[in-house]
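Novice: Quick one: this structure, given as C-alpha cells, is what I'll be asking you about.
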Amino acid sequence: MVHVQRLIDEFVGLVKIDSESGNERAVCDCLKKKLSDLGLEVIEDRSAALTGHNAGNLIATLHPCDGTEKIPGIYFTSHMDTVSPGVKIKPSVQDGYIVSDGTTVLGSDDKAGIAAIIEAVRVIQEEKMEHGLIQLVFTIGEESGLVGSRHIEHSLIQADYGFAIDSNGPVGEIITSAVAQNKIVVKIKGKAAHAGLNPENGVSAVQIASRAISRMKLGRIDHETTANIGIIHGGTAINIIPEGVEVSAGIRSHSDEKLDYYTNQLVENFQQAARELGGSVEVEVTQLYPGYHYTESDLVVKQAVAAIKKIGRQPVFRASGGGSDANVLSSYGIPTVNLGVGYENIHTINERMPIIELRKTAEMIVALIEESIKVQPSVMEKELVHA
C-alpha cells in the first residue's frame with residue numbers, strides 16, 4: 001500500500017528545506033500546507049514565544065471515521081529541526097540509500113519520521129481505511145534539549161497514547177525505557193590576584209573546579225547511570241589567578257533515586273572544594289527531561305509489537321541512554337514509546353537513510369493505525385489508571 005517513490009520524493013523534498021534547530025519556520029510552513037491539503041485540522045502552538053525559535057510546534061488532527069469516535073485516539077510525533085551542518089542539503093539516491101553530498105548532514109533525523117507519517121496518512125485515506133482519532137505532533141527544538149515538547153501546549157493533544165518515530169535503531173526496535181537527565185551548572189567564584197607577584201593572595205576558581213572534578217566518577221557509573229562534565233569556561237589571562245569558572249555537567253539515569261543521589265553528590269563535591277580553598281559556588285540544577293519505563297504488558301508496547309510483526313519484522317526491546325520527545329510527552333500522562341526508524345550515522349556528514357527502512361517505517365505506522373481500531377475504551381481506561 002505504501003507508494004515508495006512518493007515516499008522518497010516526500011523525504012527528499014523535506015530535507016532540502018533548511019531547518020537547523022531554532023530556524024524551523026520554512027519547514028513548519030511547508031508542513032502546515034501539506035497537512036491542511038490532506039484535510040487535517042492544523043494548529044501551530046505558541047511555544048515559539050517561550051523557546052526563542054522562529055516557529056512553534058504543529059498539532060494536526062485527522063478526525064475519526066463515523067462510528068469510531070469512542071476508539072482511543074492515537075498520535076505520532078517527529079521533530080522538524082536538524083543538527084548542524086544542515087543548510088543547503090543536497091540529497092541523492094545511491095545504491096539503495098539516500099545520502100547527502102558529504103558537506104552536510106542528511107536530516108533523516110527526523111525528516112524520515114515526518115515523511116513516513118505523511119505517507120501513512122495518504123495510504124489510509126486512499127485505501128479508505130477505518131480509523132479513530134489520529135493526531136500528528138511535529139515539534140521544534142528536539143535537538144536543542146527537547147525545548148519544543150517541553151513547551152508544547154499539551155492540552156491540544158487529545159490522543160490517548162502514541163509513538164515517537166525517532167530512534168536510530170532499525171524498524172522493529174522499541175525503546176521501552178529511557179533515561180531522565182539533569183543539567184547542572186556550577187558558577188565558581190574565587191579571588192583574582194597577579195599570578196607572578198602575589199599568587200598567595202588569590203583563590204583559583206580553576207583549582208576549585210579541578211579538585212571537585214577529581215573526586216567524581218564520570219562516564220558510566222553503573223548500568224543505569226552516566227555522568228559527564230561537558231563544558232568548562234573561565235579565566236581571563238595566564239598572568240591572573242582566575243576568579244570565575246563555570247562548569248556545565250549532565251547526569252542521566254534510568255533510576256530517579258540514582259539521578260537525585262549523583263546530582264547531589266556532584267553539587268556537594270563543588271561546595272566542599274570551595275569551602276576547602278576559600279571560594280564559593282552557585283549551583284543551578286534543571287531537569288532537561290524525565291525518564292519513562294514501559295513493559296511488554298503495557299498497551300503502547302503491545303500495539304507496537306503487533307504492528308511490527310504485521311510488517312514482517314521481529315520486535316526488539318531496548319533501553320536508551322538518551323532522551324527524545326517521547327520522554328516529555330509521556331510525562332504529560334500520554335503513554336508514548338520511541339520506535340526505530342533505521343537511519344544511520346546521524347549527526348554526521350556520513351548520515352544515510354536506507355530506502356527499505358524508510359518504507360518499513362511507513363508500513364509500521366499504517367499497521368499501528370490498523371491495530372488502534374482494535375483497542376476498546378475500557379482497556380485504555382485501565383492503562384491510564386495503571387500509569
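None of the figures in this text is laboratory data; all of them are computed from the coordinates on show. Keep in mind that what you see is a predicted model, and the values were worked out from it rather than measured. A quick note on method: Cβ atoms are made from the backbone with ideal geometry, for glycine too, and the neighbour counts reach across all protein chains shown.
Novice: When the helices in the chain are scored as -39500 (n - 2.57) per DSSP H run of 4 or longer and the sum is shared across all residues, what 222 nm value do you end up with, to the nearest 500 deg cm²/dmol? If you can, show how the numbers build up before the last one.
Specialist: Working: 11 runs with 131 residues, N = 387.
My calculation for the chain gives -10500 deg cm²/dmol from helical runs alone.
Novice: Let me ask something additional. Identify all lysines with a Cα-Cα distance to Lys34 below 24 Å; exclude those on the same chain that are fewer than 8 residues away in sequence.
Specialist: Lys16, Lys88, Lys90, Lys111, Lys128, Lys360
Novice: Have a look at the stretch 320-379 and give its Rg and Dmax from the Cα atoms, expressed in angstrom.
Specialist: Rg then Dmax for the stretch 320-379, in Å: 15.0, 48.
Novice: Size of the chain along its principal axes in angstrom, Cα-based, largest extent first?
Specialist: Ordered largest first, the chain gives principal extents of 82, 48, 37 Å.
Novice: Could you line up Asp325, Asp260 from fewest to most neighbouring Cβ atoms inside 10 Å?
Specialist: Values: Asp325 27, Asp260 15.
The fewest-first ordering by Cβ neighbours comes to Asp260, Asp325.
Novice: Whole percent per 10 Å bin, from 0 to the bin with the longest distance: what is P(r) over all C-alpha pairs of the stretch 250-341?
Specialist: All Cα pairs, binned at 10 Å, distribute as 13, 34, 25, 15, 9, 4, 1 percent.
Novice: Sort Asp256, Asp110 so the one with the fewest other Cβ atoms within 10 Å of its own Cβ comes first.
Specialist: Values: Asp256 12, Asp110 29.
Ordered from fewest to most neighbouring Cβ atoms within 10 Å, Asp256, Asp110 come out as Asp256, Asp110.
Novice: Please turn the phi angles of the stretch 261-276 into ³J(HN,Hα) values with the Karplus equation 6.51 cos²θ - 1.76 cosθ + 1.60 (θ = phi - 60°), one per residue in order, whole Hz, x for glycine and proline.
Specialist: Running phi through 6.51 cos²θ - 1.76 cosθ + 1.60 with θ = phi - 60° gives 4, 6, 5, 5, 5, 4, 4, 5, 4, 5, 5, 5, 4, 5, 4, 5 Hz.
Novice: Under 8 Å for C-alpha pairs, at least 6 residues apart: give me the relative contact order for the stretch 75-194, rounded to a whole percent.
Specialist: This gives 33 percent for the stretch 75-194.
Novice: What FRET efficiency comes out for the pair Glu130/Asp29, r = Cβ-Cβ distance, R0 = 35 Å, nearest 0.05? If you can, show how the numbers build up before the last one.
Specialist: Values: r = 32 Å, r/R0 = 0.91.
Once rounded, the FRET efficiency stands at 0.65.
Novice: So if I restrict to the alpha-carbon atoms in the stretch 1-62, what is the Rg, and what is Dmax, the biggest pairwise distance, in Å?
Specialist: 13.0, 41
Novice: Right, something else. Sorted from largest down, what three extents in whole angstroms do the Cα atoms of the stretch 133-231 have along their principal axes?
Specialist: 73, 32, 19
Novice: Let me ask you something else. log₁₀ I(q)/I(0) of the stretch 180-289 at q = 0.18, 0.21 Å⁻¹, via Debye over equal Cα point scatterers, no solvent, to two decimals?
Specialist: Relative scattering, expressed as log10 I(q)/I(0), comes to -0.81, -1.01.
Novice: Return the FRET efficiency for the residue pair Thr295, Ile231: r is the Cβ-Cβ distance, R0 is 35 Å, and the value is rounded to the nearest 0.05. Numbers along the way, then the final one.
Specialist: Values: r = 37 Å, r/R0 = 1.04.
It comes to 0.45.
Novice: Exposure proxy check: Ser167, Ser47, Ser108, Ser92 ranked by fewest other beta carbons within 10 Å? List each step's numbers first, then the result.
Specialist: Numbers: Ser167 26, Ser47 21, Ser108 31, Ser92 10.
The fewest-first ordering by Cβ neighbours comes to Ser92, Ser47, Ser167, Ser108.
Novice: Then there's this: Just how far, in whole angstrom, is the stretch 295-336 from the stretch 45-113 if you go by their alpha carbon centroids?
Specialist: Computed from Cα coordinates, the inter-centre distance equals 19 Å.
Novice: Using a basic spin-label model with each label point 7 Å from the Cα along Cα→Cβ, how many nm lie between Gln5 and Leu38?
Specialist: Modelled inter-label distance: 2.1 nm.
Novice: Here's another thing I want to ask about it. At a Förster distance of 45 Å, what's the computed FRET efficiency of Glu246 paired with His63, Cβ-Cβ distance as r, to 0.05? It would help to have the intermediate numbers written out before the result.
Specialist: Details: r = 50 Å, r/R0 = 1.11.
Working from the Cβ atoms, E equals 0.35.
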